[in-house]
1. Looking only at B:Ala206, B:Ala318, B:Ala295, which one moves most when chain B is put into a Gaussian network model with springs between Cα atoms under 10 Å?
2. Expressed as a whole number of Å, what is the distance separating the alpha-carbon centroids of the stretch B:129-164 and the stretch B:233-302?
3. I'd like the accessible area for B:Cys125, computed on protein heavy atoms only with a 1.4 Å probe and all protein chains in place. Round to 10 Å², please.
4. Report the residue, chosen from B:Ser156, B:Ser302, B:Ser88, that carries the largest GNM mean-square fluctuation when chain B is represented by alpha-carbon nodes joined by springs under 10 Å.
5. Protein chains only, probe 1.4 Å: how do A:Met126, B:Met182, A:Met1 rank by accessible area, largest first?
6. Evaluate the charge dipole of the stretch A:88-182 about its Cα centre and quote only its size in Debye, nearest 20, assuming +1 on the Cβ of each Lys and Arg and -1 on the Cβ of each Asp and Glu.
7. Please give the total accessible area that chains B and A bury against each other, computed with a 1.4 Å probe and expressed in Å² to the nearest 100.
8. Taking only protein heavy atoms and a 1.4 Å probe, what accessible area per residue, in Å², does the protein assembly as shown have with all protein chains in place?
Amino acid sequence: MKMIKRHDFSAIMTHWLVALSTFTLFFTGFVQLPVAKRYFISTLPGLSWSADYSFTLKLHYLAAAVLTFALFFHLASKIITRDFDLWPRRGDIRESYLIIKSLITKKPEPPSDKYLAEQRLAYAYMAFNFLLIVLTGMIKVYKNLPGISLNPKLVWLATTLHNISSFLLGLGIFAHLLAFILFRENRNLIPSMFTGKVSLEYAEHRHPLWLKRIKNNDNDQQERSQIFKQQIFDEG
Amino acid sequence: MQQKKMSRREFLRKSLIAGAAGAVALHAKPSHASPNTQKKYAMMIDLTKCTGCESCVLACREENRHKFPEPVHPIPVNWPTGKYDDWSDKREVRDRLTPYNWTIVQTVEILRNGQIEKINIPRHCMHCDNPPCANLCPFGANTQTPEGAVVIDDSSCLGGAKCQAVCPWGIPQRQGGVGLYMKIAPGLLGGGVMYKCDFCHHRLTAGKVPACVESCPNGAITFGTKEEIIKLARERAKEINGYIYGDKENGGTSVLYVSHIPFSEINEALIKQGAGDKKSGKPAMPTFTDNPSDAPEHLVKSLALAPLAGLLTAGITAYKTFTREGSKHEND
Ligand code: HEM
Ligand code: HEM
Ligand code: SF4
Ligand code: SF4
Ligand code: SF4
């Protein structure tokens, strides 16, 4: 099967660093709420540490550092290489409606660029929540430092926004995974987050605009100086 | 500016006198200073002077009665533990902290030089410098005021009791059937509102010293600015060749105890009589300095450096990619 290169190593690393740290943050953040004892989570085998606020807070800090690193790396890389493939565009809302409609009705969908319109929207949604979480999280960390006490209203605001954006992000990630579970068509993308490559046949019929862009080489994207052929791999 | 300074100094002087002599004549109010210039207050409790008369306990109760919970009955049973907290029909209880009893006097007997000595210890919230109960409240309902008082907001507390779990002394106490959780999912989430000594915050902002300070007939409690009280406690400890508790505990607090008997011995005696369990409402006096909301320095540092590290790595990666691509073209 012919494959085409879709993600480079650093994109794959970033994705999994974000995913790993975010899952850790969800769990260690969730048990910052007084739930581990109340709902007997800490009585489950291997989870007795979940009621230890001091320990789970340290894990939360550690995962937060990993997440913050990955997010800043991602943003800076994309800006330096002028890779705005994931940035939402005008008309994305209508287009993603059309795509989802055709996924359900099994009709041909509008041709897509490297990412589907709903992927770009999902990205913006996640990026917004991530930024809010990191910003409010930093405020929370700052106020915990000895000798620092912030205005109670600011503390309340940061805490409440931290909680709300965590919840919204959770919904987003749920939808992200649901997109693979519900629609077989999307599952073609999964190998790309592991090997960096995706089936050429799939790309040809679903992402024709992307392929055209690489072929014409008329853009200043990451692929700018690479020729189309270099990105095609014949894997049996 | 000049005026403000004057009046605050006067307030202090008078509050110190008030603490020592029970004087009530406080005309000067603490000026409405901005949070940055507002001085933090503290109290010194002199265990050599406390007789255990409990005047402070009764005064606290009178003064703060208007803040006590009035729950609706029946109080929802918390799922899945099957428990709930109700102190509303046990308001007189005085031998432990409860939502209706924010201060207690503990008594221990300690054998010294072949003689039994009785020590009375008034106990309430320590108003920690870096309060874990407030720092770690997941709803921002518990905060430290510019005066240094740690205050729980009864309108936003959900009663998860995390503050009690992270308080080294287990101070905050829960009453079910009141507060925000009643409007969300009573029985399923939260469990009431947490109550504790608030340093008589309403009095501090009105230029008065806390009720317990004023009520003590033996001048066992002295109130003033943090600096003043620390100085005073050191002097007093020197004078009696004694010890201070609360200056270093949990990273430092605003309630300093002075005693001629080592606090390790007092702690031992307290634990022997059942104090120290977080849920008992009877705090012990462990000697320790670390604070559960202080993350280790290296964690905080890596967090502070994470954005920079991300930017740098992106720069280096991009540079490598560009130069690699460049050389590729030359070879073509
Ligand atoms: C905290 C968890 C995660 C976050 C925040 C996250 C975030 C993202 C984002 C923002 C994208 C970019 C475009 C898009 O929205 O599709 C993406 C792509 C992707 N994610 Fe995740 N993800 C997470 C977990 C996972 C997991 C568990 C899987 C496993 C199936 C997965 C598989 C993928 C794949 C295959 C892509 C590539 C799609 C493409 O190439 O177009 N992600 N992810
Ligand atoms: C996906 C990322 C994250 C999720 C889902 C998440 C979730 C949560 C949740 C549910 C809580 C408990 C409720 C609360 O105290 O507000 C919490 C607490 C906390 N979070 Fe996060 N969080 C995330 C990222 C971060 C980051 C990046 C930081 C720091 C930069 C951070 C710092 C904190 C701190 C310090 C607390 C403890 C409570 C406090 O000190 O105020 N979190 N988090
Ligand atoms: S003594 Fe306990 S309740 Fe009081 S401020 Fe310190 S941690 Fe909070
Ligand atoms: S400071 Fe006020 S609230 Fe605290 S124990 Fe004394 S009287 Fe009670
Ligand atoms: S009023 Fe004074 S002497 Fe009486 S118990 Fe309280 S601190 Fe001790």
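1. For chain B, modelled as a Gaussian network with Cα springs under 10 Å, the answer is B:Ala318.
2. If we compute the Cα centre of each part, the gap is 20 Å.
3. Accessible surface of B:Cys125 is approximately 10 Å².
4. Fluctuation is largest for B:Ser302.
5. Ranked list, largest accessible area first: A:Met1, B:Met182, A:Met126.
6. 120 debye
7. Roughly 3600 Å².
8. 50 Å²
The values are calculated or read from the model by the stated rules, or taken from the named source; none is laboratory data. All values derive from a computational prediction rather than experimental measurement. All Cβ positions, even for glycine, are placed from backbone atoms using ideal geometry, and neighbour counts span all protein chains on display. Only protein heavy atoms, including side chains, enter the accessible area calculation; ligands, DNA and RNA are left aside. Shrake-Rupley method; radii C 1.70, N 1.55, O 1.52, S 1.80 Å.
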